[in-house]
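This report refers to the structure that appears directly beneath it.
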């Protein structure tokens, strides 16, 4: 019967795909993971209010949006302000509404499905952490491109969670429809809306997470984000959706520019002023999110630094090469000093608030792990450790260029930054979902820091696990290890990225 749970596992064990001992109120799996146990599943059945023969596009088999009697109700549009946990602009209708008024359009049904996923999956899946997502349900009806992109994302995520083979996660019919709708929206160049940019952003996320056939390190839709963002210019600060969309797209554009080069317009007016103001004053952005943006601002220099190092590495004139190395050393040292001062302060605050706790973990070669209260705290920690490690390896490379001996203090700091990333792995594994896929770049970067064989084996096994989940595992694991090491060195400008 629809709506009747087919398992007695709690939601945490079901998400982690482990057996639940049903020792409630806190089962053994949740006790070991130090997470709150949801207890036994709700035995009630929900009613969809649709005729049995009517196709219900975009509604999952089990929706998280039900009232206490189990009836699936339409979420009514209304303006909401507050924390990042608000699901856009939706609230429940009264159960006295007539069935015929519910979810009458495909946009309504897709919005309801997205809202269900945001309610159920956002706390433990990085895919749903982007600040702009909470505004999408209210915007879907105004943009066919956004509607079809969200439908594709929800379908792909559901298929991924069901464990379908990687080449079956993306529905080709929905993918084609989303591409056509986006193409029509982009062709209307007289009015490129925030919804069109959001549709392109979602397509880029879907490509990164679920397209097993795309080239390594590249996402075609990131170029679309670049083009549309330049055309529209900075958003107005009073449009929270547009502001958070621009801030989140910053990361996608940084990745695009680090791989393919390009002009980093975030460093120039009027974008520079927008970022300065938005990261401080944007409404609807939680303090934890603002801390992430504070670290993320340092990444804006990454593409420029890679281009500068590329010129340094190709310079044949020795005096010119030494002068360039000395100048770059001053720039990177200043960035390293700033980010460590800022990051240490933000992490100390997170430690004092109990958002991040270190404890022994004899089950891994690292010997310790982090217990982290939320994904924002995880992202803050990893973003800081990753950027600090990049600066560290750039400084190491500059010493080699200048003919200086390796610095023991640099190497010690590098290992500490890598260890911070490794200590997040148990928490990421417990989360399941797409979070492990989105954190693969820091793992690659940190692989070089493993100096003991057991550490390398532990890290590489985890990288293999994540790569297999993405459907991108190479037949020869030595090729994968070479890819990992090349990526780590390229991220710090020590090698060219393999294409």
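The values are calculated or read from the model by the stated rules, or taken from the named source; none is laboratory data. Quantities reported herein were computed from a predicted structural model and do not represent experimental measurements. Using ideal geometry, Cβ is built from the backbone for each residue, glycine included, and neighbour counts are taken over all protein chains shown.
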Residues (without any contact (Cβ under 8 Å) to a residue 24 or more places away in the chain and assigned to a loop (DSSP other than H, G, I, E, B)) located in region 164-176: 164, 171
Selected residue [more than 29 Å from residue 427 (Cβ to Cβ) and surrounded by 15 or more Cβ atoms within 10 Å (Cβ to Cβ)] from 305, 375: 305
Residue 390 vs. criteria under 20 Å from the mean Cα position of the chain (by Cα) and farther than 16 Å from residue 364 by Cα: yes
Elements of type helices (runs of 4 or more DSSP H) in region 198-292, at least 2 residues being at pLDDT 90 or above, closer than 22 Å to residue 170 by Cβ and outside the structural domain of residue 302 (by TED's automatic domain parsing): 220-232
Selection from region 416-449 of residues that are assigned to a loop (DSSP other than H, G, I, E, B), closer than 25 Å to residue 391 by Cβ and in contact with a helix residue (DSSP H, G or I) (Cβ under 8 Å, 6 or more places away or on another chain): 424, 439, 448, 449
Residue satisfying all of: in region 325-342; surrounded by 14 or more Cβ atoms within 10 Å (Cβ to Cβ) and within 15 Å of residue 404 (Cβ to Cβ); nearest to the chain's Cα centre (by Cα) among these: 332
Of all residues making up region 347-364, the number that are over 18 Å from residue 413 (Cβ atoms) and assigned to a helix (DSSP H, G or I): 4
